[in-house]
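Undergrad: Below: one structure in structure tokens.
Coordinate-derived values only; no laboratory data. Given the structure is predicted, the values throughout are model-derived calculations rather than measurements. Virtual Cβ from ideal backbone geometry, glycine too; neighbours counted across all protein chains shown.
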Amino acid sequence: MINKIWLYWLLFVIFWNYGWPDVDPIWDVSVAVFLSLSFQHYKKSIRSRKELKE
């Protein structure tokens, strides 16, 4: 099954690429890395919340 967080990341990257098609490639990479790190942080925070509830 496809991971929901990965799917959201992919949708944001696609949105970025179609929303701002004229930006330099370095910005495409920078935004993709930023989104990836943000979603990893989000994933960790969800896991820690689940552990605290248990």
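Undergrad: With everything on Cα atoms, drop me the angle between helix 25-53 and the longest principal axis of the chain, reported from 0 to 90° to the nearest 10.
TA: 10 degrees
Undergrad: Using Cβ contacts closer than 10 Å as the measure, can you line up D28, D22 from fewest to most?
TA: Going from least to most buried by this count: D22, D28.
Undergrad: Oh, and also: About its Cα centre, how strong a charge dipole does the chain have in debye, to the nearest 20, once Lys and Arg get +1 and Asp and Glu get -1 at the Cβ?
TA: 540 debye
Undergrad: Same structure again: For helix 4-19, report the angle its Cα long axis makes with the longest principal axis of the Cα atoms of the chain; keep it between 0 and 90° and round to the nearest 10°.
TA: 20 degrees
Undergrad: How do V13, V33 rank when sorted from fewest to most other Cβ atoms within 10 Å of their own Cβ?
TA: Neighbour counts put them in this order, fewest first: V33, V13.
Undergrad: Summarise the long-distance tail of P(r) for the chain by giving the % of C-alpha pairs beyond 16 Å.
TA: More than 16 Å apart: 50 percent of the Cα pairs in the chain.
Undergrad: Taking only DSSP H segments of four or more residues, each worth -39500 (n - 2.57), what value at 222 nm results for the chain once the sum is divided by all its residues, to the nearest 500 deg cm²/dmol?
TA: Dividing the helical sum by the residues of the chain leaves -29000 deg cm²/dmol.
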